[in-house]
1. Test Ser110 against the stated conditions and say whether it is closer than 22 Å to Leu37 by Cβ and surrounded by 21 or more Cβ atoms within 10 Å (Cβ to Cβ).
2. Test Tyr72 against the criterion of being under 22 Å from Leu37 (Cα atoms) and in contact (Cβ under 8 Å) with a residue 40 or more places away in the chain, and give yes or no.
3. Arg142: touching a Pro at 6+ places or on another chain (Cβ under 9 Å), on the phi < 0 side of the Ramachandran plot and not polar (S, T, N, Q), yes or no?
4. Mind checking which residues of the stretch 1-29 are at pLDDT 80 or above and part of a loop (DSSP other than H, G, I, E, B)?
5. Specify which of the listed residues (Ala132, Ala137) is on the phi < 0 side of the Ramachandran plot, of a type in the set (Gly, Ala, Ser) and surrounded by 14 or more Cβ atoms within 10 Å (Cβ to Cβ).
6. Do you know which residues across the stretch 171-190 are touching a residue at least 40 places away in the same chain (Cβ under 8 Å), closer than 20 Å to Pro105 by Cα and under 18 Å from the mean Cα position of the chain (by Cα)?
7. Only one of (1) closer than 17 Å to Cys111 by Cβ; (2) in a helix (DSSP H, G or I); (3) out of contact with any strand residue (DSSP E or B) (no Cβ under 9 Å at 6 or more places or on another chain) fails for Ser55. Which number is that?
8. Looking only at the stretch 30-47, count every residue that is out of contact with any Cys (no Cβ under 6 Å at 6 or more places or on another chain) and crowded, with 19+ Cβ neighbours inside 10 Å and tell me the total.
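The values are calculated or read from the model by the stated rules, or taken from the named source; none is laboratory data. A quick note: this is a predicted structure, and the numbers were derived from the prediction, not measured. For neighbour counting, all protein chains shown are included, and Cβ atoms are generated from backbone atoms with ideal geometry for every residue, glycine included.
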Amino acid sequence: MSEAAAIAVHEAGPDRWDDFEALMGPKGGSGGCWCMLWRLGRKGFDAAKGEGNRSAMQALFAAGEVPGLLAYDGALPVGWISVAPRGAFPRLAGSRIHKPVDDRPVWSVSCFLVARSHRRRGVSVALLKAAAGFAAARGASRLEGYPVEPTDGRYPAVYAWTGTAAAFRAAGFREVTRRSPTRPMMQLEL
C-alpha cells in the first residue's frame, strides 16, 4: 500500500477546528495567514494578520461553511487544502495572472499546508482528488488551481502554499493558461 493510500481526507467543520489549529501551528501557517490570504482583500488581510485571521477562519469553521479539507495519517492531521467557489476568494478578482479564462463558473483550490513530516508522500495529490470530489458533490463542473512551477525546478516548500504543478498534474489537472513563467493556471473538469 502506498503512503498516500493511508491518508484519509475529511471536511473541515466545527468538530475539526482543533486539528486545523494544530496543523497550522503557533504561527498560523505562513506568518499568521491562517489560510485567509485569498479570502480577504489586501488591506483586510494585512490588518488581520495573526490573531484576526485566526478568528476569521475559526468563524468559518464554526458556521459550518467547510472552508476546506483536512488530511489525516491515522488520527494525526497532516494536510490542509482550501477549496470553495472562486467567488469566496475575492483576492483572485484583482489578480492579472489568475484572472478567469472564460465565463464558466469554477471552484478554486487556493492553498495547501502539508506537515513537514509528510511532504513528498502524496498528501497534496490526495487532497486535490478529495477536493475534486467535494466540489463535484456540491454541483461544481470545474475545479482550478494556481500552483507554482519554478523554472529551475527548485522551490522552498514553505513558499509552495498554492501547490506545485506536478501535484496538480498527478491529480489529473491540465494547464489551461500561463500568464507568468512560473505560475500556470490548471483545471480539472468534474
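1. Details: closer than 22 Å to Leu37 by Cβ: yes; surrounded by 21 or more Cβ atoms within 10 Å (Cβ to Cβ): yes.
Answer is yes for this residue.
2. So Tyr72 fails the test.
3. yes
4. Taking the stretch 1-29 as the starting set, the residues that turn out to be at pLDDT 80 or above are 6-29.
Of everything in the stretch 1-29, those that are at pLDDT 80 or above and part of a loop (DSSP other than H, G, I, E, B) turn out to be Ala12, Gly13, Gly25, Pro26, Lys27, Gly28, Gly29.
5. After ruling out the rest, the residue left standing is Ala132.
6. Those that are touching a residue at least 40 places away in the same chain (Cβ under 8 Å), closer than 20 Å to Pro105 by Cα and under 18 Å from the mean Cα position of the chain (by Cα): Gly172, Phe173, Met185, Met186, Gln187, Leu188, Glu189, Leu190.
7. The number of the failed condition is (1).
8. If we filter the stretch 30-47 for residues that are out of contact with any Cys (no Cβ under 6 Å at 6 or more places or on another chain), which is where we start, we get 30-34, 36-47.
Restricting the remaining residues to those that are crowded, with 19+ Cβ neighbours inside 10 Å gives 33-34, 36-40, 45.
Looking only at that region, the number is 8.
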